[in-house]
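The values are calculated or read from the model by the stated rules, or taken from the named source; none is laboratory data. This structure is a prediction, so every number in the text was calculated from the model and none was measured. Neighbour counts are summed over all protein chains in view; Cβ atoms, including those assigned to glycine, are modelled from backbone coordinates with ideal geometry. Accessible surface areas use protein heavy atoms only, side chains included; no ligands, DNA or RNA. Shrake-Rupley method; radii C 1.70, N 1.55, O 1.52, S 1.80 Å.
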Amino acid sequence: MASPRPFPSQKATESYWRSSTLPIDTHRSSEDLPVHADVVIIGAGYCGASIAHHLVTESERQGREVPSIVILEARQACSGATGRNGGHLKPDPYLRAARVLETHGKEVAEHVAAFEARQVQDVQDLVQSSAFDCDFEETMVSDVCLDEAGGRNTGNSLSKVVAAGISTAQVVERSTGPEAERISGVRGAKTCLKYKAARLWPYRLVCQMLEACVSQGVNLQTMTPVTSVVPQGDGQGWKVTTPRGSMTASKVVHATNGYSSGLLPELRDRIVPVRGICARLAGKGPHPPISDSYMLRFNDFEYDYLVPRPDGSIVVGGGRRDYFKSLDAWFDVDDDSTLIEPARHYFDGYMQRHFVGWEDADVRTDRVWTGIMGYSWDGFPYVGEVPARPGSYVCAGFTGHGMPQIFHSAKHVALLLLNGRVEKEHAVPVPYQTDAARWNSTQEHSSLALWRSVTGTPKCAASCEERGE
Ligand SMILES: Cc1cc2nc3c(=O)[nH]c(=O)nc-3n(C[C@H](O)[C@H](O)[C@H](O)COP(=O)(O)OP(=O)(O)OC[C@H]3O[C@@H](n4cnc5c(N)ncnc54)[C@H](O)[C@@H]3O)c2cc1C
């Protein structure tokens, strides 16, 4: 279980993406911390790097001086969830939108879906214009349901958003029955939805973004955990403390995802560290080629995601089937130095089990690793100013689905920092906002509620004793 205040563990399992690191991994732009910065960003994952990127590029676009920026990172650059994920940049064209349609209506549902969809193109543009070497590839996704009920549910969600005119849903192709198995190549597929996404090497993308920022004057300090952020005595800005000393900042951004409540304790139970597991599979034929990325859904909450790599290997994550019921193995866990034990062997024989024609392939588990995600209680990230803490911002809680949300969430925060406001076209969707009602909500965390309903555990029997409730 996480300590009451989650922090990155000192050691971590080694992910495939981080198996060969880049020079910026342990970079420190100066021997000592600067005395002061206009903006301190805490966390050097995709989010922290994207905020720095937008601060630099937006300042230049607006013809103004780039503010002084310091990034403080507890471990190595991109050593958190971004350096340990599935490498899938997969916008959700229908499921989330169907939920938001019910709660917020059509305009917000369209915003939620389109906000994710346009990040594929914009990240591709960035990768191409900056010549980043990160294996970025556009791909089709085969989003497969292996159970009849799940197939019906996803079909109903899709029909709902298509009927409502949600733009991203119009291009999703659905097949059912034997056609689903033929099209997807997944044994026992009941339905298959096809739509566009992308895949990439996330560690390399983020490190190259950081390199570009550093070359523009951003000061990056790795291996520098922030232990406290407190208002300065005169009420102007923040004092940021690390084991290497303190510095002051006019504005502070928490890009700390699963660890956010370590420094913002009021986010405890609002953004909870959740441990996930991934593997790389490698080997040789005989097997048919696969080019799509995949979602394999076994029911509403047990699913895997899979991307084929240019070198013929496969990165696959998920494995909840083997550990979901063991709450202590994944919920409120901030330690990525060990595996999720019940799922250690989940990926062995994965392709042979699920893919037609792969039965005799000599493909084995090459590596397994874990990472810490930030699951928010309602499934949406918190993006904006921290209530009652002027000059303090948060961009976190991406709930295992950050790759298609972070780039533009970071732009929202960068614009707030620079201009004090965000025009409608760049704003995050309403459910992401940090208003006091959402910030202070006492509703049960949706992952805990789901776990209770699956295991038949009554409310409060699970964790209340420990939490003193
Ligand atoms: C196993 C796994 C598989 C996943 N697969 C996918 C996928 O395929 N597609 C997808 O969209 N999403 C996936 N995700 C989720 C995705 O990786 C995250 O949503 C995203 O990377 C979050 O980026 P971030 O920058 O907000 O957080 P992180 O990458 O976690 O970065 C936060 C950084 O903050 C640092 N930090 C925290 N506290 C402090 C402190 N006190 N002082 C200094 N530094 C601090 C951490 O060390 C870390 O480097 C997966 C996650 C995991 C763990």
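Mind ranking Thr434, Thr103 by accessible surface for me, highest first, 1.4 Å probe? Write out the running numbers ahead of the final one.
Values: Thr434 20, Thr103 100 Å².
These residues rank, largest area first, as Thr103, Thr434.
Just read off the accessible area of Tyr203 with the full protein assembly in place, 1.4 Å probe, to the nearest 10 Å².
Here the residue's solvent-accessible area equals roughly 0 Å².
Please sort by residue number the trypsin sites (Lys or Arg not before Pro) in segment 28-112 whose DSSP state is loop and whose Cβ has at most 13 other Cβ atoms within 10 Å.
Values: sites: Arg28, Arg61, Arg64, Arg75, Arg84, Arg96, Arg99, Lys106; in loops: Arg64, Arg75.
Those that pass, being in a loop and sparsely packed, are Arg64.
Quick one: which of Lys90/Lys251; Lys160/Lys196; Lys284/Lys325; Lys194/Lys411; Lys160/Lys424; Lys239/Lys424 span more than 24 angstrom between C-alpha atoms? Intermediate results must be reported in sequence, preceding the final value.
Values: Lys90/Lys251 32 Å; Lys160/Lys196 20 Å; Lys284/Lys325 34 Å; Lys194/Lys411 29 Å; Lys160/Lys424 26 Å; Lys239/Lys424 32 Å.
From the list (Lys90/Lys251; Lys160/Lys196; Lys284/Lys325; Lys194/Lys411; Lys160/Lys424; Lys239/Lys424), the Cα-Cα distance tops 24 Å for Lys90/Lys251; Lys284/Lys325; Lys194/Lys411; Lys160/Lys424; Lys239/Lys424.
At a 1.4 Å probe radius, carbon and sulfur cover how many percent of the accessible area of segment 204-268? Present the calculation step by step, with values, prior to reporting the outcome.
Values: 1190 of 2280 Å².
Carbon and sulfur atoms account for 52 percent of the accessible area of segment 204-268.
Using a 10 Å cut-off on Cβ atoms, rank the peptides 204-211, 329-336, 143-150 from the highest mean neighbour count down. Walk me through the intermediate numbers first.
On the way: 204-211: 24.9, 329-336: 22.4, 143-150: 20.6.
Going by the mean number of other Cβ atoms within 10 Å, highest first, we get 204-211, 329-336, 143-150.
Taking a virtual spin label 7 Å from the Cα of Ser326 along the C-beta vector, which residues in segment 244-284 bring their backbone nitrogen under 16 Å of it?
275-278
Note down the nm distance, to one decimal, between modelled labels 7 Å out along Cα→Cβ at Ser291 and at Ser337.
4.5 nm
Taking the Cβ of Val363 as the center, what net charge do the other residues with Cβ under 14 Å away carry, scoring Lys and Arg +1 and Asp and Glu -1?
Taking every other residue near Val363 into account, the sum is 0.
When the solvent-accessible surface of protein heavy atoms is calculated with a 1.4 angstrom probe, in what order do Lys251, Lys194 fall, highest first? Show your work: numbers first, answer last.
On the way: Lys251 60, Lys194 40 Å².
Ranked list, largest accessible area first: Lys251, Lys194.
Counting only the heavy atoms of the protein chains, how much of Ser453 is accessible to a 1.4 Å probe, in Å² to the nearest 10?
Taking all protein chains as shown, Ser453 has close to 80 Å².
I'd like to compare 439-450, 377-388, 252-263: which one has the highest average count of other Cβ atoms within 10 Å, and what's the full order after that? Don't jump to the answer; show the numbers that get you there.
On the way: 439-450: 14.7, 377-388: 20.6, 252-263: 28.1.
Highest-to-lowest ranking by the protection proxy: 252-263, 377-388, 439-450.
Would you please give the FRET efficiency between Gln124 and Thr457, computed as 1/(1 + (r/R0)^6) with r the Cβ-Cβ distance and R0 = 56 Å, to the nearest 0.05?
Details: r = 44 Å, r/R0 = 0.78.
Here the calculated transfer efficiency is 0.80.
If you find the alpha carbon centre of segment 387-457 and of segment 267-332, how far apart are they in angstrom?
Segment 387-457 and segment 267-332 have Cα centres spaced 24 Å from each other.
List the residues, sorted by chain then number, that are 5 or more residues from Asp147 or on another chain and whose placed amide H is less than 5 Å from its amide H.
Lys190
Using r as the Cβ-Cβ distance of Lys106 and Glu60, and R0 as 41 Å, what FRET efficiency do you calculate, to the nearest 0.05?
Values: r = 37 Å, r/R0 = 0.89.
With R0 = 41 Å, the Cβ-Cβ based efficiency is 0.65.
Just how far, in whole angstrom, is segment 46-100 from segment 107-146 if you go by their alpha carbon centroids?
Segment 107-146 and segment 46-100 have Cα centres separated by 14 Å.
What FRET efficiency do you get for Glu423 and Glu359 if R0 is 60 Å and r is their Cβ-Cβ distance, rounded to the nearest 0.05?
On the way: r = 55 Å, r/R0 = 0.91.
Computed FRET efficiency for Glu423 and Glu359 comes out at 0.65.
Using the Karplus curve 6.51 cos²θ - 1.76 cosθ + 1.60 with θ = phi - 60°, work out ³J(HN,Hα) for each residue of segment 445-460 in order, rounded to whole Hz, and write x for Gly and Pro.
5, 5, 5, 5, 5, 5, 4, 4, 5, 6, 9, x, 8, x, 4, 5
For the ranges 5-12, 228-235, 128-135, what's the packing order if you count other beta-carbon atoms within 10 Å of each residue, average per peptide, and put the highest first?
Details: 5-12: 17.6, 228-235: 11.2, 128-135: 13.6.
Result, highest mean first: 5-12, 128-135, 228-235.
Once you list every other residue whose beta carbon is under 11 Å from the beta carbon of Ile372, what net charge do they have if Lys and Arg are +1 and Asp and Glu are -1? Could the numbers behind the result be given before it?
Numbers: positive: Arg84, Arg275; negative: Asp332, Asp334, Asp335, Asp336.
Local net charge: -2.
Over the chain, with the other protein chains present, what is the accessible area per residue in square angstrom, probe 1.4 angstrom? Intermediate results must be reported in sequence, preceding the final value.
Numbers: 18460 Å² over 469 residues.
Ligands and nucleic acids excluded, the result is 39 Å² per residue.
Suppose a student asked you for the relative contact order of the chain, using Cα pairs under 8 Å spaced at least 6 residues apart; what percent would you report? Provide the component values of the computation, followed by the final result.
Details: 1016 pairs, mean separation 102.8, N = 469.
About 22 percent, as a whole number.
Can you tell me the relative contact order of segment 329-469? Whole percent, Cα pairs under 8 Å, sequence separation 6 or more. Let's see the in-between values first.
Working: 133 pairs, mean separation 25.6, N = 141.
Relative contact order, segment 329-469: 18 percent.
Please state, as a whole number in µm²/s, the translational diffusion coefficient that the Stokes-Einstein equation yields for the chain at 10 °C and 1.306 mPa s, with Rh defined as the Kirkwood radius across alpha carbon pairs.
Numbers: Rh = 22.6 Å.
Answer from the Stokes-Einstein relation: 70 µm²/s.
Only helical DSSP H runs with n ≥ 4 go in: add -39500 (n - 2.57) per run for the chain, normalise by residue count and round the 222 nm mean residue ellipticity to 500 deg cm²/dmol.
On the way: 11 runs with 126 residues, N = 469.
After summing the helix terms and dividing by the residues of the chain, the value is -8000 deg cm²/dmol.
Please compute the contact order of segment 335-405 in relative form: average sequence separation of alpha-carbon pairs under 8 Å and at least six residues apart, divided by the residue count, as a percent. Show your work: numbers first, answer last.
On the way: 73 pairs, mean separation 18.3, N = 71.
With pairs under 8 Å counted, the relative contact order is 26 percent.
Taking 0.36 nm per intervening residue step and subtracting the Cα-Cα distance, what contour gain separates Thr227 from Arg5 on full extension? All intermediate terms of the calculation are to be shown ahead of the outcome.
Details: separation 222, 0.36 × 222 = 79.92 nm, distance 1.03 nm.
Taking 0.36 nm per residue and subtracting the Cα distance, the gain is 78.9 nm.
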